[in-house]
Every structure is written in structure tokens, then in C-alpha cells.
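Since the structure comes first, as C-alpha cells, the remarks are kept for the end.
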Amino acid sequence: MKPEDRINRRDRIRNFSIIAHIDHGKSTLADRILEKTSALTSREMQDQMLDAMDLERERGITIKLNAVQLLYKAEDGKEYIFHLIDTPGHVDFAYEVSRSLAACEGALLIVDAAQGIEAQTLANVYLALDNDLEILPVINKIDLPSAEPDRVRKEVEDVIGLPGEDCIPASAKAGIGIDEILEAVVKKVPAPSGDPEAPLKAMIFDSLYDPYRGVIVYIRIMEGTVKPGEKIKMMANDKQFEVQEIGVFTPKPVPKEELTVGDVGYMIASIKNVGDSQVGDTVTHAAKPTAEPMPGYRKLNPMVFCGLYPVDTNNYTDLREALEKLELNDSSLQFEAETSQALGFGFRCGFLGLLHMEIIQERIEREFGIDLITTAPSVIYEVTKTDGEVIEIDNPSEMPDAQQVDHVREPYVKAEVMVPNEYVGPVMELCQRKRGDYLDMKYLDENRVNIVYEIPLSEIVYDFFDALKSNTKGYASFDYELIGYKESNLVKMDILLNGEKVDALSIIVHRDSAYDRGKIIAEKLKNLIPRQQFEVPVQASIGQKIIARSTIKAMRKNVLAKCYGGDISRKRKLLEKQKEGKKRMKSVGNVEVPQEAFMSVLSMDENK
Amino acid sequence: MRKSIYIHVPFCEQICHYCDFNKFFLENQPVDEYIDLTIEEMKHTVKKYPQTNAVETIYVGGGTPTSLTTEQLQRLLEAVPKHFDLAEDVEWTVEVNPGSAGTEKFAMMRKAGVNRLSIGAQTFDPELLKAINRDHKPEQVEETVRLALEAGIQNLSVDLMFGLPDHTMEQWKNTLRRAVSLPITHISAYSLKIEPKTVFYQMMNKGKLKLPEQELEAEMYAFMLKFLKESGFDAYEISNFARGEALSRHNLAYWNNDEYYGIGAGAHSYVEGLRIRNHGPLPKYMKSVREKKLPYLEIHEVTFSEKMEEEMFMGLRKRLGVSKERFEARYGQTVQKAFPGVTEDLKKAGWLCETPERFMLTEEGILLGNEVFEKFLFASD
Ligand SMILES: Nc1nc2c(ncn2[C@@H]2O[C@H](COP(=O)(O)OP(=O)(O)OP(=O)(O)O)[C@@H](O)[C@H]2O)c(=O)[nH]1
Ligand code: SF4
Ligand SMILES: [Mg+2]
């Protein structure tokens, strides 16, 4: 391409993300935009087209950002090149959003016409502002009977400070307002700046591992031009590679002859080692490097930790590889090796939140075929010992003996809950029960209230989210940020099976709730652990003191039912399944414990 | 050696809540064509897999064979000897639901050669019958037995179930008492197992099914063993009891790991070392036979190891267990050699016992049968 063609093309590029609170309709809107612009036939089209992972499709949520190139013929007669990045709405994946935004000049801010502004709406607006993006507000789902576009328009004006008349009313589902949105993108989102002839400066905003082609990096070209065959280097570690293929997503990957300023696409350069390319790093030419790398991203620190162990101990190395590959396109994931007496070799992993943890676990099981045992999530506690030494523990089994502990501090978050008026009572009650300290309460308008509490992170991790949902019929939205450590009266509770302590089941709890939690866990385990050939006592203890107990009765009967019409294969399958099931259990002492049991300490609803 | 035939009649007038058999609601089904096609299948089958012996046992099961009209059932039954050579003393069983066959049907069956009935009584408790959605009344079992005897069919078995929802020991004892008071020769008794795709499965997942604890089930089983023994029924298999010589020779063929033909939708066969499953859905089955094909959904060639596994986990169901001599004759090695350590471990656990001639389950081993059988599966990887 000639230099002036590159400039001309650059001026017709529009890069934008779609941001919103979870479920406000980002992916559905992306579908409509895809239909209006790209070459996808309606046969190729599926709902939430960009949610490519099975997991995303099943859960109906976006987990990973997704970038596509689209061609749009605007009213002014010119053809524009859009790069659209769909992003997740859930707070746990905010990191994905921040990376997407760094690759864009504008953002479509979707607000649900019935729900109005919610916690993640605001969080994403602030991210967009930080990145200097042009924000285009869209009020979606106006087809809903409960839609109140005028109220939401006013909310946008009052709470976010964007002019209400700029809001585009739309329905992603019914296809209303899509043309207006596309025209607004053309008119309001600035074209990329940057010199196509300058040294290459491309930012890696995501990457993934392909077993055949190595690491595939997703890049946004800020300056310069890159072509296959060129030698490039990663600025963080100076490692050099030869570009094999570059291209864009439509959403299918389509190879191109060059990527230049404003392009959002992919690059393959036989990068075999997953550690060699880091998200946030800058790619440049080896021979003629750019002067300064991009600032990169702020790495978010994990807040929730748990142990991940392969059910089959032979899979330990596979698990390590799986984690390394996932880390590649999810740099908020952290892990280090650890061992448990009960579970053997595994990893202590750090996540941004519970959903993040669940998703990673599921991806490992599905994409890598490794069966996992997950221990109950924990936070990082700060323990001051009687000898003055201060240690940090993210694994309850590391807690020193009670006699050696002077005091324990735990992380607190500032939790903001946004709810309709009528739920203020239940929300405050819940926050109190979760050991929260009241900070503030503000009316956003006549109907919506923002309640602010300081709450121990461990309580959030435990079941706050579920409890909040059930206490407010799902109307509450919720966001939190870490604010620091506070002292608490915490103790370690151990679980004993058949008289033997199971380290992987220990948890740290507030002394006041230890008895209740102990009772619930003992009951849960009794129901989750199948009957064994002998009776198994289940006990919860603090130090030497048993605070709760239950008993798993011995198995009495297990015989095949009716032999029907000579269907021997069915009997065989049943026996094989039974045998397979036992293999998936962990033998602790001489008790066979199923995977779910290790998580059970987590999922407990006190209200039930 | 192949001397048994199973024939499947997949129609029922009412669907029981626990049932996951291959069956269809009778109304509006192409029953007549189905019968024609099963007869077709018999023809193709013997052509492909010729008989090795005269047929010694036939079992017509379902579904509900007696939901057919007398004419329909007659057509089906009379086709069997036209396509297969039957032994003089063939044991020929038909499954009967109480109330679905009367004098005329029984007389026809007798004439066609049927000499044994398996009567689906399940329980004599009217409430429980309702709870499992059987459409007969307890008295109809007695009525069925009487009519069958009048028609000259003397070898009668009754099917019972225990471990039903809210089942009490009292109800179970009553059912057993009523069963043994009948002039029957055989009892089969199975505990309820909740299978996917049944009404009970749905209920269980919604927390609406109260099943007895294992302890009670075990007690029910123990009581049955004792009671049936006192009443002159010999427990020759985990769930099967016979007066005198009236063992089910057809079922013994399965447990002895012998081969058999299977005819009809969803039927299973074991021929020339192949375990074959027919298409279950009627349209599939029928289309395939109509097109002159054998209606096979899957064919599995049983490996040598699988044969040994099956010999054990089927054979141990019998009170007499597995014969060492027979095992060695069939597989050229001892049980201990084929399954190193397994018999020793099981004996130590108190679940298996050994005589110079055979291996068999202990009383405790019977209750934990699946735990024992599992040990005789070679690790899959
Ligand atoms: N009635 C109505 N429903 C809509 C509209 N747009 C989206 N939805 C529905 O809202 C739900 C969520 O839509 P998504 O597009 O998956 O939302 P999202 O914002 O991408 O969600 P996350 O990626 O998980 O944050 C789906 O059930 C959509 O069908 C709309 O305009 N009207
Ligand atoms: S009669 Fe037999 S086959 Fe028919 S539904 Fe009941 S249990 Fe199932
Ligand atoms: Mg989405």
C-alpha cells in the first residue's frame, strides 16, 4: 500500500468497544452490528455471535473480549472500517475491559432501559474516561414493556454527566436504532492518529495459544506498519521473532498483507514459549525499534485464592501447562505450586473473584480435559505471631497454632450496593450479618439508593453475592474494591474424617460464626460423601475442641436391579461408571471423598 | 451354544413412574405392522445367524405383551416355531400385566406353546400401586393366576418390587405373604432404582420423592430371604426365588453367559460373540426392517477379557456362583490367574466364599453385589 493510501485508510477507521453492566445487551448489539456490516450470511449467524467459547454460549455471558473487523457503508457514501471489541460485563472480568479500551478510540455505553445505571456501568464509564475514549451512550431494550427510556436518559445525565440528548434509544433484540448507532460511530468516534510510516508500535491486548501455530497475539497498531516475513521483537524481553502471518477477524481469522495504523488484528510469529509474549507489551521492528513502549496495563492483583489439584495425580504437569496457557490470555490469573497432605501436588491459584475462579476451573476441565479438585476459596490473611513476626497466608492450613497467634488481620472491601428503595432494609441486614461496617447511603433518584459498607472480603467470597441476589430478587447490583486490612477475631476450623484431619478442608472463620459454619459443613459433608464400607464420623474442630459432628453411615446395599431382556451392556456400563466414579474420588485416609466435597465448605446458604 | 430367544413387545397401556424400558404408549401405534416386522426380523436373523441348537427358552417381554389383542399376540407367538426349531421341552414365558389377559388370551397362549408366565404384580398394596402408576388392582393378580391355571399354564412367576417411595416394612411383609399364598412356582423381587427419563427421576430431582434409607432396604431384603426360604422358595439368584425345580431357565442363560437371539425394537442379542442392540425407537426399527435390513443400532464384539468379566459379574449373581471347572474350560486359566488378587481381597472383606468347585457371594456380598462385581472389571486404561 502507498503511504497516502495508508493515511486515507486510517482516516476511515473507527475503533470502538461495547461496554455495559452484565446482561445489558452488549453481545446482542454486537450481533446486530455484525449483520448490518459484515459478510456473514444469516446462516452463519448465531445469537451472541462473538461469544465463541462453549462456556460463554451456555452461560449466556461474555468472558473474553472479542475483536472483529467490519466494513460499513455510511450515509456519506464512504466505506468505513470498524474494529469492534465486545467485552464482558461482570466485575470479575473488568481486566478484559480495560485492555479492550486501550485498543480503541471510542466506546458504546449500553444502558438497559428497564434497569438503568448499575455498578458496572459506572465502573466501565470511569475506565473509558481514563482511556480518553469518546463515549456514546445507548439506551437498550426499549422494546421491553418495563422500559423507561426517559428516566434512564435523566440518570445518564445526572449520574454520569453525559448529555441526555446524546443517548440513542435502541433495541438490540428488535433491531431498533442500529443505523443511528452506526452513524454515530462514524461521526463521533475519532479516527486513529499515528504515522503509518513511523517505526512499528503495536500493543498486545490479548493472546491465546494454539497447539499448531504457537502463541497468537492480538495487536492494535498504534504507529507504523507490519508485514509477514519481517523480524519483530517484544519490548519487554527483547525476544525476536519472524512474522509468519498477520490478519484480522471477521470474525473468522482472515490473513492480510499488512497491518497498519488503526488496525486491530492478530499476529502469528512461531512464538512457542507462552512466557515470551505478554499482554500489555509492545511489539516493534527488530531493526528499527520505536523509541518508547506503550505504557501497558496496570496488572490487577488477585483477591481470591484456592487450591487446584488434579484428581489424577499423573496430570500434575498437564495442569501446570494448562495454567500457563490460560495465564497467557488472562494475566490476572496467578498460580504457584503447593502440596496438600490430602490432595497431593497442586497449585495455589489467585483470581479476581469467584466467577473468575469458577470459569478458570471449568476451562481447565473442558479445554484441557483435566479433572480438578478445588478447595474452598480463601483470601490473604495477615497473621502477627506472639514473637512479633508477621506472616501472610492464603491457605488456611498454613495458619499457625492458636497459641502462637497474637492477632489476625483480614482484607476489607468497600462494597457499593445499588438497589431500588424497597430493598434497603434487607440489604443493610445482610451487610450487618456479614460483619459489615456502615459507611454511607445516597439516593441516586427518588427510587434508587446507593448503600456503602465496609465488609470483610472473606464474607464476599463466601456467599455474599448469592445472598444479595436472593434478598433483593436480583434487583441489586454490586461492586467492590479492596481498601486494606483490619483486625478480626478469626480462628482456624479443621475438618476431621474418620478422626483424621483433612488439611484441604480447613477454613478460617470468625469465632462468632464458627459453630454455625461447623455444623453446616459437617451436615454437607455427610450428604456429599457417599456411604463407605464402614461408618465414618465427620467432625469440625477448633484446636482440640470438637464443635460439630455428623456420621456417614456404612453402606448397606448396592445391587443391580432388574436384568431386562438380556441387556448385559447396560449392567456393564453401570459397573464401569461406578468404578470410574471411585477413580474420580480422592482417597483421604481410607475414606473416598468426591470432588464436590472440597468445595462444599464454600457453597452454603445459611438461609436454607 | 445359542438356545434362547428374547422377543420385545414395546407397548403399554399406561406408563409406570419408574419405567425406563423401551416402551411406547399403546394408543395409535402401528401395532399390526410392528408384529409383521418382528416376524420379518426372525426370518432375517436365522438366515444371518443360523441356529446351533434347538431353542430351549423363549421369553416374550416388554413393554406389555398382553396389551396386544388375542389375534395380534397369536400371530406373533405362532410365528416363532415357523422360524426357529424348538426343543421338545422348551420353556416359553410371556410377561403378563394383571388385568390385561383373560381366559381367551390365556387359552390361545397355551395352545401356541406358552407354558410359563411372569406376572407383573410389583406390590399388593393399593396405595403403592397408585404411587408407581400401575393400572391394576391387587385382586387382579390373584385373578390372573387363577385364569392362567384354568387355561393350563402352570409355571407361574410373580414380579415384586421393594424400596418403593414411602415403602414400609409392614407393606412389604404383606405383599410377600400374599404372594407366597398363591399357587405360583417362582418369585422375582427387585429393589427400585431411579433411572433418568422417568417420572420418578423428575420427582427425585425436585425433592418430591421419599425413598427408604439403605438400612430399611437391606432389612427388607433380609426379611425376604428368610421368609421366602421358610415358604419353600429357594434363592437361586440375587433376586430370583423358585419352588422346587422351577428355576427360570431363560434367565439362567443370561447368567451363565450363554448366547441368545433378540427380536424387536430395542432388543439385545448375543450371537457369535457379538453383543447387538436393536434400534429402540419404533420408526427407526420399523424402517430398517422394512428395508430388509437387520435393525442393528450397535454391534460390539465381546473381547476375551470382557467375556471373562461377564462370566464373573453375571455368574456371581447365582447362589451357586461361578463354577471353577467351567471357567477354566472356557478361558483356559483359573479365576485367580485371570483376576490376580481379586478373589483373595473379596474373601478377606467377607463378601466372597470359595468351595473346591466354585466361587460365590456371601450373604453380605449379595447385598453389596455391585461392589463385588466392580472388582471383576479390568481397569479400562
Ligand atoms: N427485550 C430485549 N432483550 C434484550 C435486548 N438486548 C439484549 N437482550 C437480552 O438480554 C440478555 C443479555 O444479552 P447479552 O447481549 O448476552 O448481554 P451482555 O451485555 O453481552 O452480557 P455479558 O456479556 O454477560 O455482560 C439476553 O437474553 C438478550 O436476549 C433488547 O434490546 N431487548
Ligand atoms: S408395564 Fe412394564 S414396560 Fe410398561 S411402563 Fe410399566 S414397567 Fe414399563
Ligand atoms: Mg456479552
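Quick notes
- Applying a threshold of 6 Å to beta carbon distances and a minimum spacing of six or more residues, or different chains, the list of pairs starting in the range A:340-355 at a residue that is open to solvent by 10 Å² or more (accessible area, probe 1.4 Å) and ending at one that is part of a helix (DSSP H, G or I) and among the β-branched types (Val, Ile, Thr) reads A:344/A:313.
- Of the residues screened, residue A:195 is one that is under 21 Å from residue A:15 (Cα atoms), modelled with pLDDT of 90 or more and of a type in the set (Asp, Glu).
- When residue B:133 is tested against (1) touching a strand residue (DSSP E or B) at 6+ places or on another chain (Cβ under 6 Å); (2) modelled with pLDDT under 95, just one condition goes unmet, and that condition is (1).
- The set of residues in the range A:540-577 being hydroxyl-bearing (Ser, Thr, Tyr) and modelled with pLDDT of 85 or more consists of A:541, A:550, A:551, A:569.
- Condition check for residue A:600 on (1) open to solvent by 50 Å² or more (accessible area, probe 1.4 Å); (2) more than 14 Å from chain B (Cβ to nearest Cβ); (3) at pLDDT below 75: one failure, at (1).
- Here B:221, B:236 are screened, and the one residue that is among the hydroxyl-bearing types (Ser, Thr, Tyr) and within 15 Å of residue B:123 (Cα to Cα) is B:221.
- Residue match in the range B:295-305 (condition: within 21 Å of residue B:43 (Cβ to Cβ), crowded, with 22+ Cβ neighbours inside 10 Å and of a type in the set (A, V, I, L, M)): no
- Test for residue A:507: is it under 22 Å from residue A:310 (Cα atoms), within 32 Å of the chain's Cα centre (by Cα), more than 13 Å from chain B (Cβ to nearest Cβ) and modelled with pLDDT of 90 or more: no
- The set of residues in the range B:243-256 that are outside any helix (DSSP H, G or I), surrounded by fewer than 20 Cβ atoms within 10 Å (Cβ to Cβ) and more than 13 Å from chain A (Cβ to nearest Cβ) comprises B:243, B:244, B:245, B:247.
- Selection from the range A:71-86 of residues that are open to solvent by less than 90 Å² (accessible area, probe 1.4 Å) and more than 16 Å from ligand 1 (Cβ to nearest atom): A:71, A:72, A:74, A:76, A:77, A:79, A:80, A:81, A:82, A:83
- Close pairs (7 angstrom Cβ cut-off, 6 or more residues apart or separate chains): without any contact (Cβ under 8 Å) to a residue 60 or more places away in the chain in the range B:216-235, surrounded by fewer than 17 Cβ atoms within 10 Å (Cβ to Cβ) and of a type outside the set (A, V, I, L, M) anywhere: B:223/B:173
- If you check A:406, A:387 for being free of Cβ contacts under 8 Å to residues at least 60 places away in the same chain, open to solvent by 30 Å² or more (accessible area, probe 1.4 Å) and not in a strand (DSSP E or B), only one passes: A:387.
- Scanning the range B:13-49 for residues that are within 16 Å of ligand 2 (Cβ to nearest atom) and modelled with pLDDT of 95 or more yields a count of 2.
- Residues being under 22 Å from residue B:118 (Cα atoms) and among the hydrophobic types (A, V, I, L, M, F, W, C) - total across the range B:32-60: 4
- The criterion of at least 3 residues that are over 27 Å from residue B:250 (Cβ atoms) is met, among helices (runs of 4 or more DSSP H) falling completely within the range B:302-365, by B:335-338, B:342-349.
- Given (1) closer than 30 Å to residue A:381 by Cα; (2) open to solvent by 60 Å² or more (accessible area, probe 1.4 Å); (3) modelled with pLDDT of 90 or more, index of the condition residue A:323 fails: (2)
- Residue match in the range B:342-364 (condition: within 8 Å of chain A (Cβ to nearest Cβ) and in contact (Cβ under 8 Å) with a residue 40 or more places away in the chain): no
- Pairing each residue of the range B:81-98 that is in contact (Cβ under 8 Å) with a residue 40 or more places away in the chain with any residue that is open to solvent by 30 Å² or more (accessible area, probe 1.4 Å) and within 16 Å of ligand 2 (Cβ to nearest atom), provided the two are 6+ apart or on different chains, yields C-beta distances under 7 Å for B:98/B:140.
The values are calculated or read from the model by the stated rules, or taken from the named source; none is laboratory data. Computed from a prediction, not measured in an experiment: that's the story for all the values here. We place every Cβ from the backbone using ideal geometry, glycine too, and count neighbours over all the protein chains shown. Note: areas computed on protein heavy atoms with side chains; ligands, DNA, RNA excluded. Shrake-Rupley method; radii C 1.70, N 1.55, O 1.52, S 1.80 Å.
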